[in-house]
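To start, the structure under review is shown below, and the notes come after it.
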Amino acid sequence: MLETARRKLRALVKLIPKGQKKIVYTNFEDEIGDGATIDLPQVTAGLNMAKFKEKARVFLKAHESHISLQRLRRNQPLTATDLVELEKMLIEAGGSTELIGEAKEKSHGLGLFIRSLVGLDHEAAMQAFSAFINGTTATPNQIEFINQVVQELTQSGVMEPDRLFEQLFTNLHSAGPMGIFPQATVLQIVQVLEGIRERAAA
């Protein structure tokens with residue numbers, strides 16, 4: 001609104017009669033005082049984590065052919081060796097022990113944290129939900145719903161079952177999956193989502 005008003009006034013400024021303007025001098029005394037450093041540890045920690053995530057995302061993208069990272073992206077169960085290798089990758093990406101520990105805690109596991117950065121392989125996500133859309137019995141809405149779930153997993157790596165009843169997934173039906181699939185099928189979809197999460201959390 002302000003920008004619109006500014007643009008309209010700009011065209012009228014040239015119509016203001018020109019005249020001598022009086023120069024105004026000011027002489028204010030600075031009363032602010034000396035500056036002081038204020039420590040904001042929570043803000044600094046948040047900025048450090050954001051930078052770490054970005055560095056880790058770039059590093060992991062450059063090393064996406066690593067076998068442990070491929071297992072994570074392809075929805076395969078992780079081994080203890082995989083977790084060690086993945087943590088090494090985060091250290092190489094510039095992560096400190098404290099940052100990696102914080103990331104593990106907030107994401108409920110190293111695998112889940114890294115999966116949130118690299119996402120889930122699209123083919124692996126489609127394979128996990130193929131049973132719900134294969135054949136000729138699936139409706140267009142059911143196919144579209146599963147495609148939305150696959151897209152979310154491809155970007156975020158994991159997905160909480162509650163997300164099925166939130167915006168985007170309620171666009172096709174106000175009741176979310178309950179208005180598109182039989183109840184038994186909805187429970188199966190939830191089980192698949194939980195299985196995908198468990199494989200990364202191992």
Cross-chain or 6+ apart pairs with Cβ under 6 Å, region 157-172 first and at pLDDT below 95, then aromatic (F, W, Y): L172/F145
Elements of type helices (runs of 4 or more DSSP H) contained in region 82-156, each with 2 or more residues being under 19 Å from K53 (Cα atoms) and either assigned by TED's automatic domain parsing to the domain that holds S68 or without any contact (Cβ under 8 Å) to a residue 40 or more places away in the chain (or both): 97-107, 110-118, 140-156
Count - residues of region 133-175 that are of a type outside the set (S, T, Y), within 21 Å of N75 (Cβ to Cβ) and surrounded by fewer than 16 Cβ atoms within 10 Å (Cβ to Cβ): 8
Sole residue being over 18 Å from L172 (Cα atoms), surrounded by fewer than 17 Cβ atoms within 10 Å (Cβ to Cβ) and of a type in the set (S, T, N, Q), chosen from S107, S130, S116: S130
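The values are calculated or read from the model by the stated rules, or taken from the named source; none is laboratory data. None of these values were measured; they are calculated from a predicted model. Cβ sites come from the backbone with ideal geometry, for glycine too, and all protein chains shown count toward neighbours.
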